[in-house]
Every structure is written in C-alpha cells, then in structure tokens.
2 protein chains.
Amino acid sequence: MKIAVLGTGEVGRRLGSKLVSLGHEVILGSRSADHAGATAWAAEHQAAHGTFADAASGAELVVNATGGLVSLAALQAAGAENLEGKVLVDVSNALDFSQGMPPKVVTPEGGSMAEQIQRTFPGARVVKTLNTMTNTVMVDPGRVPGEHVVFVCGDDDEAKAVVTGLLRSFGWPDERILDLGDLTGARATELLLPLWLRLMGTFGTAEFNFAVPKA
Amino acid sequence: MKIAVLGTGEVGRRLGSKLVSLGHEVILGSRSADHAGATAWAAEHQAAHGTFADAASGAELVVNATGGLVSLAALQAAGAENLEGKVLVDVSNALDFSQGMPPKVVTPEGGSMAEQIQRTFPGARVVKTLNTMTNTVMVDPGRVPGEHVVFVCGDDDEAKAVVTGLLRSFGWPDERILDLGDLTGARATELLLPLWLRLMGTFGTAEFNFAVPKA
C-alpha cells in the first residue's frame, strides 16, 4: 500500500521503518521538503520523503504521527483534498511540556484530539490507535510479555478493518486488538496518557503496556 | 482497627462488609443517623452506623466511599477535627451522570479530587486507591484472572503502608500493589475512569481490571 507517515519524530520513523519492512511504499512527510532527519531516514530505508502535502497527495492511507499540539496545522499543510476519502490513522497525543514534567495532556473540551481532527477534516476516515504505548511496542508487541492490548476506535468500520489488518501485520493477535467503538472512544485512550507517564516514571522504562483481564 | 466507612452505596457497603469479615470494628457513616440502607446493613453485619461525624469521630481510619461529587460536603459533615491525623482512604470518583451516559469524569483544574480533599483537610493523611475497579474486585481480586494491579498514592508514607496492609488483607499480593508516589498520582488514576467506563460497555461486565506488564 502507498502510505504517508506525517511526522519525522521517533514515532513516525519507527512506524515508517516497520511499514517499509512489510513491503509498503512509504513516504515520510515533514514541514519542509529538505528536512535533514527525513532525508537521512529515507536514504537509509530506500523510502521517500517530502512535505506533508507531497506525502499525503499520493498516499492511499495517511498516518498522523505528528505531536498532537501541531497535528491540526500539519494536516492543514497536508491539505484537506489530499485526505479526502482516505484512512487517517491518528496515533498522536497532545502533550504540553511547556510547564515541565510531567507534561499536561491537552484534550479539547468534552472531546478528543481525534474527534477534533475528524470534525476539521470530515472527508477523512479517522481511526485512533497505538497512542497508549511507546513506539517500540507499537511495531513489536512481543517486546512486552503478557496479553497486553492495542485499542482501536473510529466512526468508519471499513477504515477500522484496514487499520486492524495493519496492526495484525505488526504482530498484534486479533484477540488483543480491542475495538472501543466509535471515535468518542479516543477520549478514553487519550486520557490514559497521564497514567502512562506516571508508570513510566515508576517503572523507569517506557516498555510496558496495558492488559485488561476480565472475569 | 476502628474504621469509619463514609458512604452507604454499593462501594461503601462492600468495603464495610469485607472489613467486618476481617475482624475490624466498622461504622458506616451517612448523612442522617437513621438512614434505612445503613440501618439494614449494620443489622445484617453486626456493625454500627451513624452520621458522617458519628462515624469519623471514633475511628482510627476513615474510608471515603461517597460519590466524588459530594465527597467534600460529606467530609465537611464528618468534621475536619474528626479527620485530624487519621489515614483517609479515598476510593471515590467524581462522575457526573447529569448529561446521561457515559458520565463525565470531573477533575479539578490541573489536579485530582484526592488532592482537593487533601488541601481542604490538611490534617488528614489522604491515600488514593481502589478507584480504578469495580467494588467486587476491590475486596476479592481473585475474581479476575491475571496479574492485574491496584494503584496507591499519597504524600504520607506511613499512611500508605497502613493502606497497603489493608489491601494485602483483601487479597492483593505485594507485587500487584503499585505505588505511584505522591498524591499527584491520583490525577492519573482518576483520569483512567473514561477508559474503564468504555471498557465496561465493550465487555458488558464491570468485572475486569488493568494489568501493566513490562519488558
């Protein structure tokens, strides 16, 4: 599949590399066409890079791996017309580090960043997933033992099925891909970040994840 | 130990019954001395009941099992002088059902209900715990399989040790009692409620809990 990964941070590069290794045609999008990190990554992985719009325009599926605080701006730069009808996988979290650690989790009043993205780009088919774990675990769930899970939610069932297929190819077994229903579920997973951050501090590692055993 | 359980809802009664069964001297506190539910519960369990102040005044340890939205009022009624120097176990969540389901989780700006209680009653030794699971699992963790955990946080280490001892007596093994540090950790556990509520809807049962396996 032709996949645009927006965002050149650790999350974007990790997802991009995994998608390349799975045989996808990946283009990494950033603010400028000559982003040094994106250029280096693309050379190393025989992949492409370009602006957010370059990346989104030719892609069948778009991954938002930008920081949540700048996601709307990045997606505006990508262009609403380049998102129209496409699956938009939102893995972002809006963390405000301006007041120091731990960062404050920013959520729009009564909603989630994912819903805000969906409202702003009604033609996109937004699916929220993977935002509740560190990037190494996203693409290699076997790094953490146990029956830990990845949450998925979105308003478009076909889009969710496409994303579930990608997660499966990352190594997530079906029974550990937890469908939380429509995109309002993103409120719940985005608000998990304060606990995630606190546990990272307690454990001294980011390589953990949540499991939800039931009776 | 002489323990006051404030709140006559399902959570208060469940905790009260467990504490009685463990040999503690329990008094269930409610708004009025003649609360029908509390009277019936006390008769059934050979325990006592009374007003919030009656309960707190003679107790060595106080459990706040009132709904988070009315906890401050309940504790005011209990009386600051009756909380002075005592361990105050806060198991509350502030859920606003006024707009329908799912309820909105209310947290004071930039903080948690537990911190608000601690600020309002500086003489109390507030420990937040047990608010991330349904009441049957609180007192009988074996109902859910797997290495699921209970979070504990608070500013007073001695108070946390007392509460950890109680949790142990409920059946929680040491390695599954996760100390999140000081009381600001309550921000993280209170914000877990939206995910808890969503999962309850997805699973169709409240008898589940969170585990946090790490690499």
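The values are calculated or read from the model by the stated rules, or taken from the named source; none is laboratory data. Predicted, not measured: the structure shown is a model, and the values here were computed from it. Cβ sites come from the backbone with ideal geometry, for glycine too, and all protein chains shown count toward neighbours.
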State all residues of the range A:130-173 that are within 11 Å of chain B (Cβ to nearest Cβ), among the aromatic types (Phe, Trp, Tyr) and touching a residue at least 40 places away in the same chain (Cβ under 8 Å); if no residue qualifies, say none.
none
Can you tell me which residue in the range A:179-215 is farthest from A:Asp156 (Cα to Cα), limited to those that are more than 7 Å from chain B (Cβ to nearest Cβ) and hydrophobic (A, V, I, L, M, F, W, C)?
A:Met200
Condition met for A:Asp157 (in contact with a Cys (Cβ under 8 Å, 6 or more places away or on another chain), surrounded by fewer than 16 Cβ atoms within 10 Å (Cβ to Cβ) and on the phi < 0 side of the Ramachandran plot):
no
Being surrounded by 18 or more Cβ atoms within 10 Å (Cβ to Cβ) and out of contact with any strand residue (DSSP E or B) (no Cβ under 8 Å at 6 or more places or on another chain) is true for just one of A:Thr136, A:Thr189, A:Thr107. Which residue is that?
A:Thr107
Check on A:Val163, under 22 Å from A:Gly85 (Cα atoms), surrounded by 17 or more Cβ atoms within 10 Å (Cβ to Cβ) and within 17 Å of the chain's Cα centre (by Cα):
yes
Please give the helices (runs of 4 or more DSSP H) falling wholly within the range A:45-111 in which 3 or more residues are of a type outside the set (A, V, I, L, M).
A:52-57
Test for B:Met101: is it closer than 28 Å to A:Leu95 by Cα, in contact with a strand residue (DSSP E or B) (Cβ under 9 Å, 6 or more places away or on another chain) and within 14 Å of chain A (Cβ to nearest Cβ)
no
Cβ-Cβ under 7 Å pairs, at least 6 apart or on other chains, the range A:8-25 side over 22 Å from A:Val70 (Cβ atoms), far side among the small types (Gly, Ala, Ser):
A:Val20/A:Ala47; A:Leu22/A:Ser169
Give the residue that is nearest to B:Thr189 (Cα to Cα), with candidates limited to residues of the range B:70-97 that are of a type in the set (A, V, I, L, M, F, W, C) and modelled with pLDDT under 95.
B:Ala94
Checking B:Ser98, B:Ser57, B:Ser92 in turn, the sole residue that is touching a residue at least 24 places away in the same chain (Cβ under 8 Å) and either farther than 21 Å from B:Val137 by Cα or acidic (Asp, Glu) (or both) turns out to be B:Ser57
If we keep only residues of the range A:37-79 that are under 27 Å from A:Val105 (Cα atoms) and polar (S, T, N, Q), then the residue nearest to the chain's Cα centre (by Cα) is A:Asn64
Could you tell me whether the range B:179-186 includes any residue that is part of a strand (DSSP E or B) and on the phi < 0 side of the Ramachandran plot?
yes
